[in-house]
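Report on the structure given below.
Laboratory data are not the source of any read-out in this text; all were calculated from the coordinates shown. These numbers were taken from a predicted model, which means no experiment stands behind them. Virtual Cβ from ideal backbone geometry, glycine too; neighbours counted across all protein chains shown.
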Amino acid sequence: MVTDLLKEKKEAIEKSSQEYGMLDEGTVRLLKKEEKEARTTVYHRLARQEPQCGFGELGVCCRMCYMGPCRIDVFNSGGPQLGVCGATADTIVARNLLRETVGGASSHVEHAMEIAEILRDVAEGKLEAYKIRDTEKLLSVARNLGINTENREISEIALEIAEASLEDLYKLDRKPSRWIEKYSPSSSFKKWSALGIVPTNIWQPIVNAMHRTSMGNDADPVNILLADLRMGIVDGYGLTMATELSDVLFGTPNIIHSYANLATIKEDYVNIAVHGHNPALSEKVLEWAEKLQERARAIGAKGINIIGVCCTGNEVLMRHGIPLAANEMQAELAIVTGALDAMVADFQCIWPILAQVASCYHTKLITTVPYVKIPGAIHIEFSPEKADEVARRIIEIGLEAYQQRNPARVFIPNHPEEVYAGFSVEALLGILKKVDPEDPLKPLIENIANGNIYGIAAIVGCPNPKTRKYLFSERLIKELLKNNVLVIVTGCIAHIAAQAGFMNPRKIDEIGVGEGLKSVLKALGGAAGLPSLPPTIHMGSCVDNSRIGVLLKAVSEKLHVDVSSLPVVASAPELITEKAVSIGTWALALGVTVHVCPPLRVLGGPQVADILTRQLRNITGGELYIECDPEKAAKELIRKIREKRIGLGLRA
Amino acid sequence: MENVKRVFIVVERCVGCKSCEIACHIEHSKSKDLYKAIFEIPRPKRFNTVLKVDQYNASLRCAHCEDPPCANVCPTGALQKDEETGFVTYNPAKCIGCWQCAMVCPFGAIYPDYETLTAAKCDGCIERVKSGRLPACVEACPTNALVFADVKEMEQFKRERSLRELTAGQKVSIFELGVV
């Protein structure tokens, strides 16, 4: 018997790791199953990390050079106020923020680049696996980019779009990036030009950001924050291009019916999850699942059931009605059902724990991207040229694994939740056109003006285990809906909203949507042939936040007002990734009020915090707002909408 | 006093991260929330310090002595030995700022509060401990360098450790006793 000095500490951690707060029953039952069978859960891992490092949380830890790591005594209790090189808290915070933003923007840029390369190869006739599914969208993208469409072959236009897109990445001239110039709201673009932060290409701001934040360069927090805004704009390029070109290749989403939550895993089917972000892989997996249905029946299953996880889940829901089974945090729980035969991942938000959890079951975890490998996973390298071969192999692995499944270990929660999704800008305009064929934006604008729609809130981002426990997103969304704020969701927040029933038109009364908003949703739903539009409008994956940008551009240019004057707010209530930071930075650059929780890692730098939360209002019109109480956050967001309504002379 | 628990440090496990310092600040703030604590006025105090002397890092605080010189020397009774918990408590209302306690403390555990000109020190997280929780610094220590134990347990642990070192002929891994 060894004396255990840590017994109490272990017990406290154990206790805290089993507190699931307000999480839904299905998730909790799977967490308990995971704890028993895989000896880990996200809450175990979180409890072992807590309390987390305060220097890190406040952004005042600098690891840019080897005289450090340095950190600043934020309580000013006799500890250091400067790093070894003399960097202040504000310098450190600003540098760290810029590097986070680079991480996010780079993710979106590479995503977009891979889609553009597929479009180029398709246009050149080099790629058999893909084709242009939406020529109407292709023409609209060409028109937006100022590319001539008259008397030209589709492939010729596509090639010019693809080349123009890729050119933005690497070009050396000093003209603004074409996508950024053409797709940004003109008032925002004008402000950026005056600030000198319009990217001329994509590589340079990224290289420059890494350079200027390395040791012994930019120490001016204001100057670094300008570079940060520019990085946000770079992120907007990635988002917009990824969405627009994906629509061209895979189709623009339209209203579609499906189901959400882990109950969409079906016991008597071969279940294969698609996880990640890039539709290039998941589209082919869907195709091959259809082709190989018969083989599933031959091994005693009823068929192949593809389920969507994370943003790939959003992509395949929006375009094909594939069930929205699990958000990023629930990905491991999909495996824990014991009925998932394979999970195939591309990039972003693929937690390494998946391999460990999969090893406790028959589930095969498959990674496909050369720069996303996970120890313990099967790696089958995907490339557009090998798309068919890889997708076929993935389905075959699922079929093989199904035969190893142990029925005694299967638990699937009951009751999938009904979902209506697919609200691309085009789909929304399609509905609005039924109300006013001449001027589709008019009914929307009128209802905002008359107060039926008090404002618009884009609730985006991730499911953070820290905030999941108290259902931050659901509570925030409910409050906003109650107060007639139209709620648009994307990314994993869309999963959360779908699971909460917020995408089920039949629950509009139950959820307590305000009367004005309800009347609009019902009227528009009627036009779309539904009892109502769903209480929250699902606009897609996290890159599809660009759809919100496109809508903002349309409305602000139609009304000739700045984006910052519109009664629109954004919130990432459960922020996890650097991508959420870069998307938020883009929104700040556009002039939107952005709420976040957990707090952005800037509070250790008083000047940086002040600029982002206050002074930015006079620069881009955007504003950062940090609050970790959902009801308070809703109240303040509504107050900010009210301010904008007053500014526009609307009834407040 | 028997079974009184104290914060001990296992020096070789301390990486000098100062998490204990921040945890102490937060515990002694009004909000008990890092993000709010940094904006509080007066600024929340801490009563521990991470130091590096020669090759050792260590996190130091009041030892809550059995026969505390500070309480013995205190002319107003501001510092007292709490019989229930064994902690040495302080009462700023009684303190006259004579700093006799600071003079006699062998560990430098007295932290002058220059706003009120009174002595302050580690309170042993008395409220937390009474409600069955660990002191904030112990909870925050990511490498388990800080442990909350009574002397008997601590010494038994060290006896076992030294025996193991003798038998194994090598140092105990810092991970061995960690929370896996």
So for chain A, averaging the separation of alpha carbon pairs under 8 Å that are six or more residues apart and normalising by length, what relative contact order in percent results? 16
Please determine, in degrees from 0 to 90 and to the nearest 10, the orientation of helix B:151-168 with respect to the longest principal axis defined by the Cα atoms of chain B, where the helix direction is its Cα long axis. 30
Counting only the backbone N, which residues of segment B:23-38 are under 17 Å from the spot 7 Å out from the Cα of A:THR613 toward its beta-carbon? B:30-38
How much mean residue ellipticity at 222 nm does chain B get from its helices, if each DSSP H run of length 4 or more adds -39500 (n - 2.57) and you divide by all residues, to the nearest 500 deg cm²/dmol? -7000 deg cm²/dmol
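Could you size up the charge dipole of segment A:386-436 around its Cα centre, putting +1 on the beta carbon of Lys and Arg and -1 on that of Asp and Glu, and report it in debye to the nearest 20?
Working: 7 positive and 8 negative charges, 30 e Å.
Taking the Cα centre of segment A:386-436 as origin, the dipole is about 140 debye.
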Computed from the beta carbon distance with a Förster radius of 35 Å, FRET efficiency for A:GLU396 and A:LYS126 to the nearest 0.05 stands at 0.85
Cα-only Debye scattering, segment A:320-366: base-10 log of I(q)/I(0) at q = 0.23, 0.27, 0.31 Å⁻¹: -0.82, -1.09, -1.34
Starting from the Cα-Cα distance between A:GLU438 and A:GLN49, subtract it from 0.36 nm times their residue separation and give me the gain in nm to one decimal. 134.3 nm
For n ≥ 4 DSSP H runs only, could you compute -39500 (n - 2.57) per run for chain A, divide by its residues and tell me the 222 nm figure to the nearest 500? -15500 deg cm²/dmol
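For a test of the definition: using alpha carbon positions, the gyration tensor, and the 1.5 limit on a/c, classify chain A as rounded, prolate or oblate.
Details: a/c = 1.27, a/b = 1.06, b/c = 1.21.
Rounded, since a/c falls under 1.5.
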Simple spin-label estimate for A:LEU648 and A:GLU294 in nanometres, 7 Å along Cα-Cβ: 5.7
Work out the FRET efficiency for B:ASN72 and A:SER186 from their Cβ-Cβ distance, taking R0 = 60 Å, and round it to the nearest 0.05. 0.20
What is the distance, in nm, between label points placed 7 Å from the Cα along the Cα-to-Cβ direction at A:ASP268 and at B:ARG133? 5.2
Which of rounded, prolate, oblate describes segment A:468-587, given a ≥ b ≥ c as roots of the alpha-carbon gyration tensor eigenvalues and a/c under 1.5 marking rounded, otherwise prolate only if a/b is larger than b/c? oblate
Ascending count of other beta-carbon atoms within 10 Å, so fewest first, for B:GLU165, A:GLU474: B:GLU165, A:GLU474
Among A:483-496, A:417-430, B:49-62, how do they line up by average Cβ neighbours within 10 Å per residue, starting with the highest? A:483-496, A:417-430, B:49-62
Tell me whether segment B:25-180 comes out rounded, prolate or oblate; compute the Cα gyration tensor, take square roots of the eigenvalues as a ≥ b ≥ c, and use a/c under 1.5 as the rounded threshold. prolate
Report the calculated FRET efficiency for B:LEU117 and A:VAL207 (r = Cβ-Cβ distance, R0 = 51 Å), to the nearest 0.05. 0.40
Once both labels are modelled 7 Å past Cα along the beta-carbon direction, what's the A:ILE380-B:VAL104 spacing in nm? 7.7
Per-residue Cβ contact counts at 10 Å, fewest first, order A:VAL336, A:VAL222, B:VAL129 as A:VAL222, B:VAL129, A:VAL336
Could you give the length gained by full extension between A:ALA523 and A:LEU82, i.e. 0.36 nm per residue of separation minus their alpha carbon distance, to one decimal place? 152.8 nm
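With +1 assigned to the C-beta of every Lys and Arg and -1 to the C-beta of every Asp and Glu, and no other charges, what is the dipole magnitude of segment B:18-136 about the Cα centre in debye, to the nearest 20?
Here the size comes out at about 380 debye.
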Under the span-like rule (Cα at least 30 Å along the axis, Kyte-Doolittle mean at least 0.5), DSSP H helices of chain A: A:221-250
Net length gained if the chain between A:ASN414 and A:ILE154 were fully extended (0.36 nm per residue, minus Cα distance): 88.9 nm
Qualifying trypsin sites (Lys or Arg not before Pro) in segment A:256-341, DSSP loop, other Cβ atoms within 10 Å at most 15: A:LYS302
